[in-house]
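What follows is a set of notes on a single structure, which appears directly below.
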Amino acid sequence: MSGIYIHIPFCKKKCHYCNFFSLATTRYRPEFLESLLLEIEQRKSYLPSSKINSIYLGGGTPSLYSASDLNRIFEKLEEVFEISSSAEITLEANPDDLSAEYLSSLRSTSINRLSIGVQSFFDEELKSVNRVHSGKEAIESVKLAQDYGFDNLSLDLIYGIPASTINSWEKNLKILQELQPTHLSAYSLTQEPQTAYDVLVKKGKLQAPNDEKAIQQYEMLQDFLPLISMEQYEISNYAKDGKYAQHNTSYWQGIPYLGLGPSAHSYNGKSRRWNKAHLSDYIKSSENGGVSFDEEQLSLDNQWNEWVMTGLRTKWGIDLNASPKNFPKEWYDLFKEKAHSIINQELLMEDNGVFKLTKKGKFFADGLAGEFFVD
Ligand code: SF4
């Protein structure tokens, strides 16, 4: 069982907060597509098993490619790998790309799940972070996608946007309820280094994220989503009727995956490697027989830290009785000792050797996981 991630590095314009590798241009799209097809061939023996259970086209904005271009990618994948007939195949899409014509053409592809980058249903908030679409387009794109039979639908929302209010966030959640997607990914706005947002905040042109507002909106999310039967199964991810994102879930379960495209990460159970985040280098190196990448062998420390981090982020928690590796006994002892004080702060709970974050602890997931790291 394995997954494939494909990174499409183009966007119409750059969102202020974005630190993904993507270029605000549509030039080189044809050249990139040819290189991607080459890379699929070149990486055919990377995965320990060629049975593919999930394919995720992310970016960037994969919905900038036509259905016939996407079909060329799927045909090549099918030629090289064994794709399960029940594979989850997701396309990330921006609302402004999802016209009736485009959605209709997507029905000719094997895409069976859409992840729509809504972020907010309010124009003022969208404009403040330089999103390319309007709130109205976001609502219409979701309805249209459902009309065209894309029932397995995930939306992205961002909380803590300075231009948002408690009232507008409440309305965002009500609109979400009306639209009834099967999945939601909700993220806090963060000020990442080397983003336009970081520069604009430092110049005093935009407000920095407000932690208090972000916590309040996150709590509203936590209270509201169970009322509409959306279960939080990971810190940032919620699903209806068990429709967990198979692709992301396999990352958290340590299942190998192949990442294709510039900046894409791959994992084969022993090492991680990541393609260079450079478009012309990607195109040149794929033509010359192999894409440039960096690699790290995963030490036991790294594997422990990842196990702790991913376990704490999911609803399944960390089960000390079902550890996937032979980690040293003292690491478990240290874990239990640290866990004790965090349980006292009501950020963590334990049930028969299974440790999970409390509702309060979920907001501090990454920081808390760091408490259990070894080096
Ligand atoms: S659409 Fe996505 S990848 Fe593109 S700039 Fe915005 S956040 Fe980044």
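If you scan segment 103-122, which residues turn out to be outside any loop (DSSP other than H, G, I, E, B) and within 16 Å of the ligand (Cβ to nearest atom)?
114, 115, 116, 117, 118, 119
Hey, does segment 191-201 have a residue that's in contact with a Ser or Thr (Cβ under 9 Å, 6 or more places away or on another chain), over 27 Å from residue 70 (Cα atoms) and within 16 Å of the ligand (Cβ to nearest atom)?
Looking for residues that are in contact with a Ser or Thr (Cβ under 9 Å, 6 or more places away or on another chain), over 27 Å from residue 70 (Cα atoms) and within 16 Å of the ligand (Cβ to nearest atom), one finds at least one in segment 191-201, hence yes.
Quick check on my filter: what residues within segment 14-36 are more than 11 Å from the ligand (Cβ to nearest atom) and open to solvent by 20 Å² or more (accessible area, probe 1.4 Å)?
If the condition is that a residue be more than 11 Å from the ligand (Cβ to nearest atom) and open to solvent by 20 Å² or more (accessible area, probe 1.4 Å), then 25, 26, 27, 28, 29, 30, 31, 34 are the ones that fit.
Only residues that are closer than 12 Å to residue 279 by Cα and out of contact with any Phe, Trp or Tyr (no Cβ under 7 Å at 6 or more places or on another chain): list them for segment 10-23, please.
10, 21
If residue 181 meets every condition in (1) assigned to a loop (DSSP other than H, G, I, E, B); (2) surrounded by fewer than 22 Cβ atoms within 10 Å (Cβ to Cβ) apart from one, which number is that one?
Single failed check for residue 181: (2).
When segment 25-43 is examined, which residues are found to be under 19 Å from residue 292 (Cα atoms) and either modelled with pLDDT under 95 or aromatic (Phe, Trp, Tyr) (or both)?
The answer is 28, 32.
Filtering segment 56-79 down to residues that are in a helix (DSSP H, G or I) and open to solvent by 30 Å² or more (accessible area, probe 1.4 Å), which residue is nearest to residue 8 (Cα to Cα)?
Among those that are in a helix (DSSP H, G or I) and open to solvent by 30 Å² or more (accessible area, probe 1.4 Å), it is 69.
Out of (1) over 19 Å from the mean Cα position of the chain (by Cα); (2) within 16 Å of the ligand (Cβ to nearest atom); (3) open to solvent by 10 Å² or more (accessible area, probe 1.4 Å), what's the single condition that is false for residue 147?
Condition (2) is where residue 147 drops out.
Quick check on this structure: which one of 67, 93 is hydrophobic (A, V, I, L, M, F, W, C) and within 14 Å of the ligand (Cβ to nearest atom)?
On inspection, the qualifying residue turns out to be 93.
If I filter segment 270-288 for residues that are in contact with a Lys or Arg (Cβ under 9 Å, 6 or more places away or on another chain) and not assigned by TED's automatic domain parsing to the domain that holds residue 184, do I get at least one hit?
Yes, segment 270-288 has at least one match.
Looking at this structure, is residue 190 in the same structural domain as residue 114 (by TED's automatic domain parsing), in contact with a Lys or Arg (Cβ under 8 Å, 6 or more places away or on another chain) and not hydrophobic (A, V, I, L, M, F, W, C)?
no
Does residue 170 satisfy being assigned to a helix (DSSP H, G or I), within 28 Å of residue 90 (Cβ to Cβ) and open to solvent by 60 Å² or more (accessible area, probe 1.4 Å)?
Spelling it out, it is not the case that residue 170 is assigned to a helix (DSSP H, G or I), within 28 Å of residue 90 (Cβ to Cβ) and open to solvent by 60 Å² or more (accessible area, probe 1.4 Å).
Output the residues belonging to segment 256-277 that are surrounded by 19 or more Cβ atoms within 10 Å (Cβ to Cβ) and either closer than 24 Å to residue 319 by Cα or at pLDDT below 95 (or both).
257, 267
Pick out, from segment 240-322, the helices (runs of 4 or more DSSP H) lying fully within it that include 1 or more residues that are within 22 Å of residue 351 (Cβ to Cβ) and hydroxyl-bearing (Ser, Thr, Tyr).
In segment 240-322, 246-252, 300-313 are the helices (runs of 4 or more DSSP H) which contain 1 or more residues that are within 22 Å of residue 351 (Cβ to Cβ) and hydroxyl-bearing (Ser, Thr, Tyr).
For residue 209, indicate whether it is part of a loop (DSSP other than H, G, I, E, B), at pLDDT below 95 and farther than 21 Å from residue 58 by Cα.
Considered against the rule, which asks whether it is part of a loop (DSSP other than H, G, I, E, B), at pLDDT below 95 and farther than 21 Å from residue 58 by Cα, residue 209 comes out as yes.
The values are calculated or read from the model by the stated rules, or taken from the named source; none is laboratory data. Keep in mind it's a predicted model, so treat the numbers as computed, not measured. Note: ideal-geometry Cβ built from the backbone for every residue, glycine included; neighbour counts use all protein chains shown. Ligands, DNA and RNA are excluded from the accessible area calculation, which covers all protein heavy atoms including side chains. Shrake-Rupley method; radii C 1.70, N 1.55, O 1.52, S 1.80 Å.
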